[in-house]
1. Given the criteria among the acidic types (Asp, Glu), buried (at least 22 other Cβ atoms within 10 Å of the Cβ) and more than 16 Å from Val239 (Cβ to Cβ), does Glu349 qualify?
2. Any chance region 384-398 includes a residue that's among the β-branched types (Val, Ile, Thr), within 25 Å of Gly435 (Cα to Cα) and surrounded by fewer than 17 Cβ atoms within 10 Å (Cβ to Cβ)?
3. Looking only at region 469-497, how many residues end up being of a type in the set (Gly, Ala, Ser), part of a loop (DSSP other than H, G, I, E, B) and either out of contact with any Lys or Arg (no Cβ under 8 Å at 6 or more places or on another chain) or at positive phi (or both)?
4. Identify, please: which residue in region 91-146 is of a type in the set (S, T, N, Q) and in contact (Cβ under 8 Å) with a residue 12 or more places away in the chain and is, among those, farthest from His200 (Cα to Cα)?
5. Is it true that some residue in region 233-245 is closer than 23 Å to Leu508 by Cβ, assigned to a helix (DSSP H, G or I) and outside the structural domain of Val456 (by TED's automatic domain parsing)?
6. Return the residue satisfying two criteria in turn: it lies in region 123-142 and is assigned to a loop (DSSP other than H, G, I, E, B) and not β-branched (Val, Ile, Thr), and of such residues it is nearest to Thr58 (Cα to Cα).
7. Could you pull out the residue among Gln212, Gln222 that is touching a Leu at 6+ places or on another chain (Cβ under 6 Å), more than 22 Å from Asp106 (Cβ to Cβ) and not assigned by TED's automatic domain parsing to the domain that holds Val512?
Amino acid sequence: MSHSGPDHGQPRSRRNEKGRERNRGARTDRPGTSRGFSASAPAQRKRRADPARLTAFTVLRAVSRDDAYANLTLPAEIRRQRLDKRDAAFATELTYGTLRGTGTYDAILSACVDRPLAELDAPVLDALRLGAHQLLNMRVETHAAVDETVALVRSEIGAGPSGLVNAVLRKVSARPLGEWTERLAEEGQLSGDDALALTHAHPAWVVRALRQSLRLHGRGQQLEALLRADNAAPEVHLVELPGVAEESGQHLGSAAEAGATVSSALEGAAIFRGGDIARLAGTREGQLRVQDIGSQWVTRALAGAELATAAVGSPQPERWLDLCAGPGGKAALLAALAAQREATVLANEPAPHRAELVTRALSAVSPEVWTVRTGDGRTIGEEAGDQGFHRILIDAPCTGLGALRRRPEARWRRTPGDLSGLTALQQELLDAAVGALAPGGLLAYVTCSPHVAETVIQVEDLLRRHPELQLLDAHEPMRAAALPAGRELLAGGDEQAGTETARRCVQLWPHVHGTDAMFFALLQRPLQAS
């Protein structure tokens, strides 16, 4: 719609005083009404993307196009762009925040685009998501969020879509996030878990799964707290491998001097909230490394749990097995603990490239302690021998719903259809481990998912298939492995809720324990009759 001039009723010129033509932009004060002209002439518009936004966009494209993981792609891209600390932090929040909020941002963008989002070119949609996150969930000025995103589009995609991106983002900026979600929930008649899914940027099926698990573990009123924790910026957890440095705790001490906070829950752990991990002492040698405290905790619990009397008297050294070892974090900690107990560890990984990662992860520990096997874990009986393994860790492939802070794209990548294949594999791995377990030996079943189909139900089914197994109370070795503050964290929740199986297993939670939502069950094979 054209605007009349004040004197002659003629359409207002689109040229400025220098004769350059201006493009028309969307109205921001009254969305849906007639459009005015953009404030800047083409020559004045920014055409180059700033490095931080370009970094985030590049990672998003890798995630969308190649199914890449942001936590693996982002650090390399930050180094490639040579971002300073401030820009690296901005790029990190922009990347993770956009990935976390994708479903909610897509719902808002759908209300602002005159065609289905599926008809947009994938790079354009990723750019719109980046812009939406800046407008709705970051402290970025509206003009900067829009102008910088449009510049990114011009630079990386082309001038053609820039007008669309400009118009759509100005519509997005018309309301704050809360108003958008309230409006969309009302228009879609959403309630209950569906409304929570939109508000907290989780797929509805994930919200329902988390609610079910919380109820089973006596925390039925904590769903929104968990959803908020999933959307919080993840902390970096550190572990110092025990017994590998010249002095115990020396690398944690250096990390503390660099700003890390030594964990009050678990020995050998720390929390690092900023800075370059690679610059910390011990990281280059693999003696200090990144590992979630929940992963450290369950590994220490298995290593420290008591074996049955006859198993203790079996030929030394004890034989330990990490059945699903890639990429090697738990295997390295397990091997360091094994070295202190004169035990040995077999680390199994089916994928050759991941088996190489396991080998590198284990390199900080004496090679006399460990061996890496590249093979299908379901055939592990070939390596068990007559004695079997005294301690077996199964950190099973799973949906990863317990690590949504660290892998935000997983919530949109996973579907309920993934469960059938994963639970079948988990069952086969468990059966193989039972066959390889020494009399009196311990089997730790671990998942980074709280979904009941992958946790409690899987354990109940295992006990039905192998009624000779004894399900131990996993809280006892978890408490024994913890510092006093960690023991306090394990308490809480309704101890009478759920099934007997659920009460004997440990479910960690981000909003309670500050860890990934790790599940830990501990089973023991009975001693053979004499």
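1. Values: among the acidic types (Asp, Glu): yes; buried (at least 22 other Cβ atoms within 10 Å of the Cβ): yes; more than 16 Å from Val239 (Cβ to Cβ): yes.
When the stated conditions are applied, Glu349 passes them.
2. Of region 384-398, the ones among the β-branched types (Val, Ile, Thr) are 392, 394.
Adding the requirement that they be within 25 Å of Gly435 (Cα to Cα) leaves 392, 394.
Adding the requirement that they be surrounded by fewer than 17 Cβ atoms within 10 Å (Cβ to Cβ) leaves none.
No - not one qualifying residue is present in region 384-398.
3. Taking region 469-497 as the starting set, the residues that turn out to be of a type in the set (Gly, Ala, Ser) are 474, 480-482, 485-486, 491-493, 497.
Right, trim to part of a loop (DSSP other than H, G, I, E, B) and you get 474, 491-493, 497.
From what is left, the residues that are either out of contact with any Lys or Arg (no Cβ under 8 Å at 6 or more places or on another chain) or at positive phi (or both) are 491-493.
The qualifying residues number 3.
4. Of the residues in region 91-146, the ones of a type in the set (S, T, N, Q) are 92, 95, 98, 102, 104, 110, 134, 137, 142.
Right, trim to in contact (Cβ under 8 Å) with a residue 12 or more places away in the chain and you get 92, 95, 98, 102, 104, 134, 137, 142.
Numbers: Thr92: 20, Thr95: 17, Thr98: 13, Thr102: 11, Thr104: 8, Gln134: 17, Asn137: 12, Thr142: 23 Å.
By that ranking, first place goes to Thr142.
5. Here is the first cut: in region 233-245, the residues closer than 23 Å to Leu508 by Cβ are 233-242.
Retained after the next criterion (residues that are assigned to a helix (DSSP H, G or I)): none.
Scanning region 233-245, I find no residue that is closer than 23 Å to Leu508 by Cβ, assigned to a helix (DSSP H, G or I) and outside the structural domain of Val456 (by TED's automatic domain parsing), so the answer is no.
6. Step one: of region 123-142, the residues assigned to a loop (DSSP other than H, G, I, E, B) are 138-141.
Narrowing further to those that are not β-branched (Val, Ile, Thr): 138-139, 141.
On the way: Met138: 19, Arg139: 22, Glu141: 22 Å.
Among those that are assigned to a loop (DSSP other than H, G, I, E, B) and not β-branched (Val, Ile, Thr), it is Met138.
7. Numbers: Gln212 fails: touching a Leu at 6+ places or on another chain (Cβ under 6 Å).
Unique residue meeting the criteria: Gln222.
Condition check ((1) among the basic types (Lys, Arg); (2) assigned to a loop (DSSP other than H, G, I, E, B)) across all residues:
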position: Leu321; (1), (2): no, no
position: Gly326; (1), (2): no, yes
position: Lys330; (1), (2): yes, no
position: Leu334; (1), (2): no, no
position: Leu337; (1), (2): no, no
position: Glu342; (1), (2): no, yes
position: Ala355; (1), (2): no, no
position: Arg360; (1), (2): yes, no
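The values are calculated or read from the model by the stated rules, or taken from the named source; none is laboratory data. Keep in mind the model is a prediction, meaning the values are calculated, not measured. Glycine also receives a Cβ, built like all others from the backbone with ideal geometry; neighbour counts cover every protein chain displayed.
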